[in-house]
Amino acid sequence: MEHIRTTKVEQVKLLDRFSTSNKSLTGTLYLTATHLLFIDSHQKETWILHHHIASVEKLALTTSGCPLVIQCKNFRIVHFIVPRERDCHDIYNSLLQLSKQAKYEDLYAFSYNPKQNDSERLQGWQVIDLAEEYKRMGVPNSHWQLSDANREYKICETYPRELYVPQIASKPIIVGSSKFRSKGRFPVLSYYHQDKEAAICRCSQPLSGFSARCLEDEHLLQAISKANPVNRYMYVMDTRPKLNAMANRAAGKGYENEDNYSNIRFQFVGIENIHVMRSSLQKLLEVSGTKGLSVNDFYSGLESSGWLRHIKAVMDAAIFLAKAIMVENASVLVHCSDGWDRTSQVCSLGSLLLDSYYRTIKGFMVRIYSLVLSGGVRCGHLDGDPKEVSPVFTQFLECVWHLTEQFPQAFEFNEEFLLQIHEHIHSCQFGNFLGNCQKEREELKLKEKTYSLWPFLLEDQKKYINPLYSFKSQRFTVLEPNTVSFNFKFWRNMYHQFDRTLHPRQSVFNIIMNMNEQNKQLQKDIQDLESKIKQRKNKQTDGVLTKELLHSVCPESPTLKTSLRFKEQTLLPVNDALRTIEGSSPADNRYSEYAEEFSKPEPAVVSLEYGVARMTC
Amino acid sequence: MEFAELIKTPRVDNVVLHRPFYPAVEGTLCLTGHHLILSSRQDNTEELWLLHSNIDAIDKTSEWRLSYVNKEFAVCPSYPPIVIVPKSIDDEALRKVAMFRHGGRFPVLSYYHKKNGMVIMRSGQPLTGTNGRRCKEDEKLINATLRAGKRGYIIDTRSLNVAQQARAKGGGFEQEAHYPQWRRIHKSIERYHILQESLIKLVEACNEQAHNMDRWLSKLEASNWLTHIKEILTTACLAAQCIDREGASILIHGTEGIDSTLQVTSLAQIILEPRSRTIRGFEALIEREWLQAGHPFQQRCAQSAYCNSKQKWEAPVFLLFLDCVWQILRQFPCSFEFNERFLTMLFEHAYASQFGTFLGNNESERCKLKLQQKTMSLWSWVNRPSELSKLTNPLFEANNLVIWPSVAPQSLQLWEGIFLRWNRTSKYLDEAYEEMVNIIEYNKELQAKVNILRRQLAELETEDGMQESP
């Protein structure tokens, strides 16, 4: 709280992001230890978690006050006008401090308290169990074993304790190989395809320079290829562009020389590095945030940002991986430079294509957990080097979204689930995404001090279920997405999730979701009614014997008949048709407000402003 | 009698009086020096006496009439025989106005907004030429559509520049000095070969599977198709906004009034009028605003994107309209009674059809071709229950609101059902659609069953109750 000097400012204006006529709402701004809260004159609340704030900017003073622009990591952008410069300055300074924490212990997760006791919290952490997951994959087995080489993080600090390696790979070989790999990240199992007996393995780049070799490393790769009884050839996928990999050789790093390794096929797949990705996303957001954007500027901006090109590259790499396993029955070793960003992305997406388990809610959580442990989510929760922050995880989620668009029935979860996960990667409200590796996570005592997100999502599962999900799909039903360019679209629901005017006003998905829920209720009602009717009938047949003689005909009263009609209740309304947008705070539930707005006889003037349809001559 | 000189008609028979909360009364209306009297002249006579000084305001409710001036297609070859015009304008005046408007297309009623009585009129451009010709009857006609003290908007679908250039060819636009109650707004909607080229480029881009992402996006952009969509939708939204928000009537025209004009008048109705979002209503809209209004289907839709000989009158004007409807349908998926297939079907039949509906360029040609006698109507086939069931939107829930679509580039999408239809498999999307329909059907079934069971149970309960009570 020491950073907060002003806790409440009145008469603050919240500008409409896309309005060209400076349309605004007036309200009161509050600053709490965790959130920035704006309540407008209609009592509508906008909650912004400090951790979500990516940048705060104070613009030049205007006649109406001092503008404050806040950009959030969940792509929300708010533009306030604070009447007094003094207040604006205070808030600005507070937010600068509050949004960038230097210590993990200051993050929201360490103070967040959802009123659970210790055992509940621990149970929450046990929802996802990687040991279970390896069992499900079918390891250990005669080809793969659990290695205790890294039990004390002695070989590789950034790897987890539990690692699976080929049965025939001895500890000296592992140690030798790790010394030949950047940051000690030697080849380990990422996914095992039980049916094909083929594996996806991961590592970092070899320290090969221009000519260096390492026999242990060559042995380890051979061991991986030997662990596949069907195909002795294995692919080594370098996810970097060839040029980047070659440049790395000058720094004593590089890529595998096919001549030194037996039975490998080396392949570059050309995914750009995190710096390129970061500036690509930046450009994308700049374009989509432009006021009065024309169609041509939008598409040329989309093109020059390169974002969809990168998404397609990641997707193509995952498809290459899945095909190697499915078509050629070959194992694949994936790496990039350090083997966390692109490698994690491609391995995760590849296994999602191969194994339908990862397309369920639970399975997806498992996949994300292993992604976190492998260092695939580095979102810069702490105030540090902004160059190490990457949108790799956002990209991963977007690839999954593209898959859900092409295969609407293949995923148990819906878009809302992806958005919710994205929200919490940056919220720092739960411990799941904190720390860059298992060692760091253990040191932070996350399981004792923070809560896990997953049980909260599971509790709300109804909201995240894809109503069209088809249970028919077998475990190894492989998705074969089509990556023709026209299949890739701008993900409006992610990058404009807080810009309500840009979205459809009625959501088919929500209607079907509610209807599915309602159907379940109706089925119950029917059972209920049927058993009640049965009871009545039984009772009657008992009674009829005695009473039938007395009341031979029982004329129906017309008044009764009509009164029965009233019992035909109108069922749950299903046209709660609007997209809800989740904030990080439970108070940010805007369902009711939307419904109310829609039920007004006239909808508010919507997007005309943005669409230039203005009354100007 | 005092004021007798002011009373032109002292008595009118068969006048109907509508009153809130009471049944209507038919009777005779009499006008005296002091009173307005309506008498039902029945046994239980009902009479209404109104002192003139008591009258606050008078509104003429029926300001419109049907005109048969174009019965022989002589006044305007591209208009139907019957049109709706302001009541106060006689046929003679219409003939004069027709001489002043491009193609004889004098202003006619396109849409009447019941909620506030505002209207959309459409016409061809005024033939002002370089020396600023005027036509008193034209000015009178247009002003006759305005209520006292009201102003209207003229939406010219051309940019000011293009409209000014049109004067050199005898065309032009309404000078504000001569139409002081009207405000002119210029919007720029493309026509003719520009649209045709846009379509050709778009289809070409969609057909190339090997394009990398940059090339695809730049080709999509270069086709300008979505820019045209945005322009048309924006203008339609503007028209609807004038009517519903500003409470102002509008006149819409471009050059000839048979292309962009119709796109705007028909889309404005989709936005404003819930009925035009039903199947029958949409069919009526196509019939009224496209076929009867004289959109030259024969010329515009003779060839499509693969044509080598580029005729200057070919243009996907109607396809753009359908695409715009699809965009609105995407944004309001429950507000339309029809589904995407309905729009696709109309697109196909507009270009090639075994039915006579879209043949010819206007009503006059269709009459000469005796299409009614010699061909079948598309609607007669579409409206068969078996066909309708395929074209019906299972999510439809009548929505009486004005629906405002977003026209932001992020909200507009490529119409995949048309442009990518043959370029990729839609198997998974179709299956998902089927599943959605199943869920909805199942829901209806369960609801019906629950209601039956509830009734059954209630009946049993009352039977029991009656058996026990006596």
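Within the range B:118-145, which residues are open to solvent by 40 Å² or more (accessible area, probe 1.4 Å) and either part of a helix (DSSP H, G or I) or under 26 Å from B:Leu267 (Cα atoms) (or both)?
B:Lys136, B:Glu137, B:Lys140, B:Asn143
How many residues, within the range B:310-351, are over 30 Å from B:Cys76 (Cβ atoms) and small (Gly, Ala, Ser)?
Result for the range B:310-351: 1.
Suppose we keep only residues that are under 19 Å from B:Ile232 (Cβ atoms) and open to solvent by 20 Å² or more (accessible area, probe 1.4 Å) within the range B:314-345. Which one would you say is farthest from the other protein chains (Cβ to nearest Cβ)?
Only one residue tops the list, namely B:Glu340.
Going by what's in this entry, would B:Ala205 be described as within 14 Å of chain A (Cβ to nearest Cβ) and either within 15 Å of the chain's Cα centre (by Cα) or closer than 20 Å to B:Ser411 by Cα (or both)?
Judged against the criteria, B:Ala205 is not a match.
Tally the residues that are open to solvent by 10 Å² or more (accessible area, probe 1.4 Å), at the interface with another protein chain (Cβ under 7 Å from one of its Cβ atoms) and more than 30 Å from B:Ile185 (Cα to Cα), restricting the search to the range B:217-233.
Summing the residues that are open to solvent by 10 Å² or more (accessible area, probe 1.4 Å), at the interface with another protein chain (Cβ under 7 Å from one of its Cβ atoms) and more than 30 Å from B:Ile185 (Cα to Cα) in the range B:217-233 gives 1.
Any idea which of B:Lys169, B:Lys187, B:Lys201 is open to solvent by 50 Å² or more (accessible area, probe 1.4 Å) and more than 30 Å from A:Ala313 (Cβ to Cβ)?
Just one listed residue meets the conditions, B:Lys169.
How many residues, within the range A:402-414, are away from chain B (no Cβ under 14 Å) and either closer than 21 Å to A:Leu308 by Cβ or surrounded by fewer than 20 Cβ atoms within 10 Å (Cβ to Cβ) (or both)?
0
Quick check on the range B:384-420: of everything there that is of a type in the set (D, E, K, R) and assigned to a loop (DSSP other than H, G, I, E, B), which residue is surrounded by the most Cβ atoms within 10 Å (Cβ to Cβ)?
The qualifying residue surrounded by the most Cβ atoms within 10 Å (Cβ to Cβ) is B:Glu397.
Of everything in the range A:1-46, what is among the acidic types (Asp, Glu), part of a strand (DSSP E or B) and under 29 Å from the mean Cα position of the chain (by Cα)? Give them in sequence order.
Listed by number, the list holds a single entry, A:Glu45.
Under the condition of being farther than 23 Å from A:Ile512 by Cβ and at the interface with chain A (Cβ under 7 Å from one of its Cβ atoms), which residue from the range B:417-443 is modelled with the highest pLDDT?
B:Leu420
For the range B:17-30, check the following and say yes or no: at least one residue is part of a loop (DSSP other than H, G, I, E, B), polar (S, T, N, Q) and either surrounded by 10 or more Cβ atoms within 10 Å (Cβ to Cβ) or free of Cβ contacts under 8 Å to residues at least 40 places away in the same chain (or both).
No: zero hits.
For the structure I just gave you, tell me whether B:Glu348 is in contact with a helix residue (DSSP H, G or I) (Cβ under 9 Å, 6 or more places away or on another chain), closer than 27 Å to B:Tyr433 by Cα and open to solvent by 20 Å² or more (accessible area, probe 1.4 Å).
Answer is no for this residue.
Considering each of A:Ile91, A:Ile81 in turn, give the residue that is open to solvent by less than 50 Å² (accessible area, probe 1.4 Å) and either farther than 23 Å from A:Lys291 by Cβ or part of a loop (DSSP other than H, G, I, E, B) (or both).
Just one listed residue meets the conditions, A:Ile91.
Among the helices (runs of 4 or more DSSP H) confined wholly to the range A:332-448, which include 2 or more residues that are within 14 Å of the chain's Cα centre (by Cα) and polar (S, T, N, Q)?
Per the criteria, A:341-354, A:392-406, A:415-427.
Would you check if there is a residue in the range B:414-421 being of a type in the set (D, E, K, R) and under 30 Å from B:Ser223 (Cα atoms)?
Yes, the range B:414-421 has at least one match.
Does the range B:403-416 include one or more residues that are under 26 Å from A:Phe509 (Cα atoms) and more than 10 Å from every other protein chain (Cβ to nearest Cβ)?
Among the residues of the range B:403-416, at least one is under 26 Å from A:Phe509 (Cα atoms) and more than 10 Å from every other protein chain (Cβ to nearest Cβ), which makes the answer yes.
The values are calculated or read from the model by the stated rules, or taken from the named source; none is laboratory data. The structure presented is a predicted model; accordingly, all values stated were derived computationally and were not measured. A quick note on method: Cβ atoms are made from the backbone with ideal geometry, for glycine too, and the neighbour counts reach across all protein chains shown. Heads up: the accessible areas ignore ligands, DNA and RNA and are worked out on the full protein's heavy atoms, side chains in. Shrake-Rupley method; radii C 1.70, N 1.55, O 1.52, S 1.80 Å.
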